[in-house]
1. Within straight cross-link reach of Lys143, meaning Cα distance under 14 Å, which aspartates and glutamates are found once same-chain residues fewer than 8 apart are removed?
2. Are there any GluC sites (Glu not before Pro) in the range 237-312 that are in a DSSP loop and have at most 16 other Cβ atoms within 10 Å? List them by number.
3. Sorting His61, His296, His82 on the 10 Å Cβ count, fewest up front, what's the list?
4. What do the square roots of 5 times the Cα gyration tensor eigenvalues come to for the chain, in whole Å, largest first, as semi-axes of the equivalent ellipsoid?
5. What chymotrypsin sites (Phe, Trp or Tyr not before Pro) does the range 1-93 have in DSSP loop regions with at most 14 other beta carbons within 10 Å?
6. Round to the nearest 0.05 the FRET efficiency obtained for Ala259 and Glu301 when R0 = 25 Å and r is the Cβ-Cβ distance.
7. Hey, which lysines would be in cross-link range of Lys311, C-alpha to C-alpha under 23 Å, not counting anything within fewer than 8 residues on its own chain?
8. Where a Cα-Cα gap under 19 Å defines reach, which lysines qualify for Lys46, not counting those fewer than 8 residues away within the same chain?
Amino acid sequence: MKEFLLEFLICPGCLPKEYALEGKGLKRDTTGTDIVAGTLCCPRCKRVFPIKEGIAYLQLHQELNGMRYEESAMTARYLLSHYGDLVAPPANREAAYFWGTLLASKPSSAAFDAGCSVGRQVFEMGRKNGWAVGCDLSESFIKAARKLMINRQFTFSLPLEGNLRETFEISLPDSWQTDMSEFIVADAQYIPFQRNVFQQVSSLNLLDRVPYPLAHLFEMNRVASLSEATFLFADPFSWLTSPAPEEKWLGGTALGQYAGRGKDVVKGLLEGNKSILMPSWQVVKSGRHQWSLRTHRNHQELMASEFMVAKR
């Protein structure tokens, strides 16, 4: 974990109160800027969060990690989806870098990506901001993102056909500086950062996969700056009762306080409906973008996400 994060970390278990975490027994690498082991402790609730092999584990419930996103096959699918334009030969070129094109350039600002998966959006944010950090509950995703951050290369394989496999190698461009990027294991419903820290925040294809979607939006609003801030949001709105009960969905129902299409409900919340996300945002751009996940050479799962860029 990069040393510079210590200044901004808080205990996720004490939210909505914010108590700075204290480092104990911290061990650094030879550069002195990367914390490779130790613990982060809350002075109030006494929770202890470990740092192991450079990764800070700041989630409240360890059992949340036992899910399908820990499978190596799933990590490989997301690596190709995120970095298809950076493998040889390129695959999924246009879809891979699209989200980065929606980001504004703010060289002195801080950026945060919730549910960062294998890290592409964080690297894109790092190219345009002072520093960038992503969180995900998948340890496998975070390990892959950090390995790519450190080594700047990553080799993985996917099924070609039957038992045959195809190997891919990602190489980050020389112009991508990763020394101010970082990845942590954390829950996007309990974000372990101080309020108003980030000038750019993004939540991509996550809202319909969390147990309490409104809590996630509230947390994204909390950590975003009160002014001069940008929020990039996208979701396919594939509502299921396994992540969240129907009464907590933000859209996808004919009845209830959040009835209607998800894109309309989220837009309304961002723009101040019900006065939940304050100060309110102004949606300045919206659209629909297709992306895919490959299972083998001749089979891909195609999805489309509704997106919006909001500013305040």
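1. Excluding near neighbours in sequence, the set is Glu53, Glu70, Glu71, Glu182.
2. Working: sites: Glu246, Glu247, Glu271, Glu301, Glu306; in loops: Glu271.
Within the range 237-312, the qualifying GluC sites (Glu not before Pro) (loop, at most 16 other Cβ atoms within 10 Å) are Glu271.
3. So the residues, fewest neighbours to most, are His61, His296, His82.
4. Its equivalent ellipsoid spans semi-axes of 27, 26, 19 Å.
5. Details: sites: Phe4, Phe8, Tyr19, Tyr57, Tyr69, Tyr78, Tyr83; in loops: Phe8, Tyr19.
For chymotrypsin sites (Phe, Trp or Tyr not before Pro) across the range 1-93 that sit outside H, G, I, E and B with at most 14 neighbouring Cβ atoms in 10 Å, the list is empty.
6. Efficiency for this residue pair is about 0.30.
7. Lys106, Lys128, Lys263, Lys267, Lys274, Lys285
8. Hits, sequence-local ones excluded: Lys17, Lys24.
Every number here is computed from the coordinates shown, using simple stated rules; none is lab data. Keep in mind the model is a prediction, meaning the values are calculated, not measured. Methodologically, a virtual Cβ is constructed for each residue, glycine included, from the backbone with ideal geometry; neighbour enumeration extends over all protein chains shown.
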